[in-house]
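First comes the structure, then the notes that go with it.
The values are calculated or read from the model by the stated rules, or taken from the named source; none is laboratory data. Because the structure is a prediction, the values reported are computed rather than measured. Cβ atoms come from the backbone with ideal geometry, glycine included; neighbour counts cover every protein chain shown.
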Amino acid sequence: MMIRLGVLCFVVLLVSCDPNRVYEKNYSFKDDTWHVYDTKKFNFEIKDSTQLYNLFVNIRNTTSYRYSNLYIFMNTTFPDNQMARDTIEIIVADPQGRWLGRGWGNYRVLKAPLGLNLQFGLTGKYTFEFEHAMRTQKLKHISDIGMRIEKTSNE
């Protein structure tokens, strides 16, 4: 419990002084287990369709996670109500088994890029939904999932 509180305080401190952050939201899973039907939804608004953005998925896992990757179904709803569904693979460990995320103790946090220097074609409300696409009902040792959007330069 103290480790989670420490990580939460650290994340709040980092997020509070970040001028490029447009949106960030993270969800925690009870008992570090992501159930297959536990879809997480991220809603945000884009006001400038000329701005370039970096999109990231935040993954927090324990060092007991048994895979080197994580497959996620990503459902996107655009401001014009069009929808898209993608399957995303996130590599969380290298071939030697070293975690790619940062952290201490039994937890690692990975900020994995979904897209860099992207331009949203429409202004308005976007919704992203993530559900795990691994071959198990209960994906153990995944403790958090999140989404982050940052402004980048238009150069």
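For first residues located in the range 110-127 and among the β-branched types (Val, Ile, Thr), partners that are not in a strand (DSSP E or B) and lie 6+ apart or on another chain with Cβ distances below 9 Å form the pairs Thr123/Lys47; Thr123/Asp48; Thr123/Ser49; Thr123/Pro79; Thr127/Phe78.
Okay, residues lined up against (1) out of contact with any Pro (no Cβ under 9 Å at 6 or more places or on another chain); (2) within 13 Å of Met147 (Cβ to Cβ); (3) at pLDDT 95 or above; (4) of a type in the set (Gly, Ala, Ser):
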{"residue": "Lys30", "(1), (2), (3), (4)": "yes, no, yes, no"}
{"residue": "Lys40", "(1), (2), (3), (4)": "yes, yes, yes, no"}
{"residue": "Phe44", "(1), (2), (3), (4)": "yes, yes, yes, no"}
{"residue": "Leu52", "(1), (2), (3), (4)": "yes, no, yes, no"}
{"residue": "Leu55", "(1), (2), (3), (4)": "no, yes, yes, no"}
{"residue": "Asn61", "(1), (2), (3), (4)": "yes, no, yes, no"}
{"residue": "Ile72", "(1), (2), (3), (4)": "yes, yes, yes, no"}
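Going by the conditions given, is Ile145 over 28 Å from Ser64 (Cα atoms), in contact with a Phe, Trp or Tyr (Cβ under 6 Å, 6 or more places away or on another chain) and surrounded by 15 or more Cβ atoms within 10 Å (Cβ to Cβ)? The answer is no for Ile145. Annotation: Pro19 fulfils all but one of (1) loosely packed, with under 14 Cβ neighbours inside 10 Å; (2) at pLDDT below 95; (3) closer than 20 Å to His141 by Cβ; the unmet one is (3). Would you check if Ser49 is in contact with a Phe, Trp or Tyr (Cβ under 7 Å, 6 or more places away or on another chain) and small (Gly, Ala, Ser)? Yes: the conditions hold for Ser49. If I go through the range 68-94 residue by residue, how many of them are assigned to a loop (DSSP other than H, G, I, E, B) and surrounded by 15 or more Cβ atoms within 10 Å (Cβ to Cβ)? Residues that pass the stated criteria total 4.
With the condition kept exactly as written, say whether any residue in the range 97-105 is under 20 Å from Glu24 (Cα atoms), charged (D, E, K, R), part of a strand (DSSP E or B) and in contact (Cβ under 8 Å) with a residue 60 or more places away in the chain.
Looking for residues that are under 20 Å from Glu24 (Cα atoms), charged (D, E, K, R), part of a strand (DSSP E or B) and in contact (Cβ under 8 Å) with a residue 60 or more places away in the chain, one finds none in the range 97-105, hence no.
Checking each residue in the range 109-142 for being exposed (fewer than 13 other Cβ atoms within 10 Å of the Cβ) and within 14 Å of Ile90 (Cβ to Cβ) picks out Pro113, Gly115. Pairing each residue of the range 74-94 that is within 15 Å of Lys125 (Cα to Cα) and touching a residue at least 24 places away in the same chain (Cβ under 8 Å) with any residue that is β-branched (Val, Ile, Thr) and assigned to a strand (DSSP E or B), provided the two are 6+ apart or on different chains, yields C-beta distances under 6 Å for Thr77/Thr127. Within the range 85-120, take every residue that is hydrophobic (A, V, I, L, M, F, W, C) and either out of contact with any Phe, Trp or Tyr (no Cβ under 9 Å at 6 or more places or on another chain) or more than 17 Å from Met74 (Cα to Cα) (or both) and give me the one that is modelled with the lowest pLDDT. It comes out as Trp104. For the range 23-54, residues that are of a type in the set (A, V, I, L, M) and either outside any strand (DSSP E or B) or surrounded by fewer than 19 Cβ atoms within 10 Å (Cβ to Cβ) (or both) total 2.
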